[in-house]
Amino acid sequence: MTGVLRLTLISHAMTEAMAVARFPGDEPLSDVGRRQVPAPIEGGARQLVAPERRAQQTAQLLGLRATTEPRLADLDYGCWRGQTLHEVPPAELQLWLTEPAAAPHGGESIGDLVERVAGWMNSLSGATPTSAVTHPAVIRAALLVALHAPLEAFWRIDVAPVSRTVLHLRGQCWTLRL
């Protein structure tokens, strides 16, 4: 048996969009978000970060020297970027929340996101401890992949700002460490 890969997924800190339930663009952390980030951490030998500003800023505040990984990018919300939940047509929002293959915003579906994240997870190799600062949607997708959970479970996972989710890869099997 080869070594165990430890993957720590860290959710970015709070933004103004999160505070008002608005679909994000590439906004920075809010003042609250900057205060949420704890002192610098030990990030592991391989440190990765999503390309968006809010993830990059969280990684910097954590003291990580992370490499940008495009596959850790947030879900593409298409034409809903910048809109609040109340500004989106209710029928479209309902479709998106109940049909993982739907993308009424013209961006990425939940199914597409999970497929992208699965591809990234499958590309990880070796026993190099890895830390990745990313988005709640990406962490939800990674959990679905690790647990072989159905896509419909996506909205049942709550990922708090600056939370850490630890997964281990042993052989071909991911496990969740709580």
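The values are calculated or read from the model by the stated rules, or taken from the named source; none is laboratory data. Bear in mind the structure is a predicted one, so any value in this text is a computation, not a measurement. Neighbour counts are summed over all protein chains in view; Cβ atoms, including those assigned to glycine, are modelled from backbone coordinates with ideal geometry. Surface accessibility is based on the protein's heavy atoms, side chains included, excluding ligands, DNA and RNA. Shrake-Rupley method; radii C 1.70, N 1.55, O 1.52, S 1.80 Å.
Please pick out the residue among GLU99, GLU108 that is surrounded by 14 or more Cβ atoms within 10 Å (Cβ to Cβ), charged (D, E, K, R) and free of Cβ contacts under 8 Å to residues at least 12 places away in the same chain.
Every option except GLU99 fails the conditions.
Just to be sure I understand the filter: pairs with C-beta atoms under 8 Å, separated by 6 or more residues or on different chains, first member in the stretch 43-57 and closer than 18 Å to ALA160 by Cβ, second member open to solvent by 30 Å² or more (accessible area, probe 1.4 Å) and not in a loop (DSSP other than H, G, I, E, B). Which pairs pass?
From the stretch 43-57, the pairs are ALA50/GLN56; ALA50/THR68; GLN57/ARG34.
Read through the list (1) assigned to a loop (DSSP other than H, G, I, E, B); (2) open to solvent by less than 50 Å² (accessible area, probe 1.4 Å), then give the number of the only condition that LEU167 fails.
The failed condition is (1).
Restricting to the stretch 134-150, give me the number of residues that are part of a helix (DSSP H, G or I), touching a helix residue (DSSP H, G or I) at 6+ places or on another chain (Cβ under 7 Å) and closer than 18 Å to GLY107 by Cα.
Residues meeting the conditions: 4.
Within the stretch 139-161, is there a residue that is under 18 Å from ILE41 (Cβ atoms) and surrounded by fewer than 16 Cβ atoms within 10 Å (Cβ to Cβ)?
Checked the stretch 139-161: at least one residue is under 18 Å from ILE41 (Cβ atoms) and surrounded by fewer than 16 Cβ atoms within 10 Å (Cβ to Cβ).
Of the conditions (1) open to solvent by 50 Å² or more (accessible area, probe 1.4 Å); (2) in contact with a Phe, Trp or Tyr (Cβ under 9 Å, 6 or more places away or on another chain); (3) part of a helix (DSSP H, G or I); (4) within 23 Å of ALA142 (Cα to Cα), MET121 fails just one. Which one is it?
The single condition MET121 does not satisfy is (1).
If you check GLY43, GLY25, GLY3, which single one turns out to be modelled with pLDDT under 95, in a loop (DSSP other than H, G, I, E, B) and open to solvent by less than 20 Å² (accessible area, probe 1.4 Å)?
The conditions single out GLY43.
Every residue in the stretch 52-84 that is in a helix (DSSP H, G or I) and open to solvent by less than 30 Å² (accessible area, probe 1.4 Å), please.
ARG54, ALA55, THR58, ALA59, LEU72, GLY78, TRP80
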